[in-house]
Amino acid sequence: MVRREVQFLTGNYYHVYNRGANKEQIFREDENYRYLLNWVKHYSIEFDISVIAYCLLPNHYHFLLRQDGLEPISKYIQRMFNRYTKAFNKSFQRTGTLFEGPFKAVHIDTDEYLLQICRYIHRNPLDAGLVTDLLEWPYSNYLEWVGMRSGTLFDQKFLNEHFVNPDDYKKFVLDYVPSKILDKKI
């Protein structure tokens, strides 16, 4: 069993992420994304976890989660991705590990960092060059944040506590220019 430096505590926020072994795809078809999201929803209820922000990309994923109950986020992630890996392997006639290693988790300890992580997670498809408009990427809850889709993997109260309206969040996300892009322009 992996010993984590991060301790999962009730009421705290965590950025959880991982990528495919050898940077290979962990999502090959739309159905893969939908299958995982169904279990994200199911297990978030079972483990009393709030999904604040998420983004699923072809070879990695990001979640910003709040642990609302006593069960640690680690159990939630392990159960969900164990189930996903078994289904993925069966579907694509493969065996073995799907992920690079144990998932990574970072405790988010300030409001500023919390909002920066939300923006980072939601910008992932844009910054990776997968889309030219974030409204084109269906595998994140950015569309819920900006009022373009109603979904259950979204905490409206969290948004309302930090932004006046969805347009303010959209501006917050889109006005940011990552340093790697700035470096290329110089």
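Go through (1) loosely packed, with under 14 Cβ neighbours inside 10 Å; (2) in contact with a strand residue (DSSP E or B) (Cβ under 6 Å, 6 or more places away or on another chain); (3) not basic (Lys, Arg) and name the single condition GLN93 misses.
Of everything listed in (1) loosely packed, with under 14 Cβ neighbours inside 10 Å; (2) in contact with a strand residue (DSSP E or B) (Cβ under 6 Å, 6 or more places away or on another chain); (3) not basic (Lys, Arg), GLN93 misses just condition (2).
Working only within the stretch 147-180, note down all residues that are open to solvent by 100 Å² or more (accessible area, probe 1.4 Å), assigned to a helix (DSSP H, G or I) and closer than 16 Å to LEU134 by Cβ.
Hits for the stretch 147-180 are ASP167, LYS171.
Scan the stretch 68-82 and tell me whether some residue there is of a type in the set (S, T, N, Q), touching a Gly at 6+ places or on another chain (Cβ under 6 Å) and open to solvent by 10 Å² or more (accessible area, probe 1.4 Å).
Scanning the stretch 68-82 turns up no residue that is of a type in the set (S, T, N, Q), touching a Gly at 6+ places or on another chain (Cβ under 6 Å) and open to solvent by 10 Å² or more (accessible area, probe 1.4 Å).
Restricting to the stretch 113-149, name every residue that is under 16 Å from LEU159 (Cβ atoms) and of a type in the set (D, E, K, R).
Listed by number, the residues that qualify are ARG119, GLU144, ARG149.
Only strands (runs of 3 or more DSSP E) wholly contained in the stretch 1-82 count here; list those with 1 or more residues that are farther than 16 Å from LYS104 by Cβ and out of contact with any Asp or Glu (no Cβ under 6 Å at 6 or more places or on another chain).
Answer list for the stretch 1-82: 49-57, 60-67.
Please find, within the stretch 27-53, the residue that is nearest to SER91 (Cα to Cα) out of those that are hydrophobic (A, V, I, L, M, F, W, C) and under 12 Å from the mean Cα position of the chain (by Cα).
LEU36
Looking at (1) open to solvent by 50 Å² or more (accessible area, probe 1.4 Å); (2) modelled with pLDDT under 90, which one does LEU135 not meet, given that it meets all the others?
(2)
Answer yes if at least one residue in the stretch 111-123 is part of a loop (DSSP other than H, G, I, E, B) and open to solvent by 40 Å² or more (accessible area, probe 1.4 Å), and no otherwise.
No, there is no match, as no residue in the stretch 111-123 is part of a loop (DSSP other than H, G, I, E, B) and open to solvent by 40 Å² or more (accessible area, probe 1.4 Å).
Taking the criterion of being closer than 23 Å to LEU36 by Cα, of a type in the set (Val, Ile, Thr) and under 14 Å from the mean Cα position of the chain (by Cα), would at least one residue in the stretch 97-120 satisfy it?
Yes: the stretch 97-120 contains one or more residues that are closer than 23 Å to LEU36 by Cα, of a type in the set (Val, Ile, Thr) and under 14 Å from the mean Cα position of the chain (by Cα).
The values are calculated or read from the model by the stated rules, or taken from the named source; none is laboratory data. From a predicted model like this one, the values you see are computed outputs, not experimental measurements. Cβ coordinates were reconstructed from backbone atoms using ideal geometry, including for glycine residues, and neighbour counts include every protein chain displayed. To get the accessible areas, we keep the full protein, side chains included, count just its heavy atoms, and leave off ligands, DNA and RNA. Shrake-Rupley method; radii C 1.70, N 1.55, O 1.52, S 1.80 Å.
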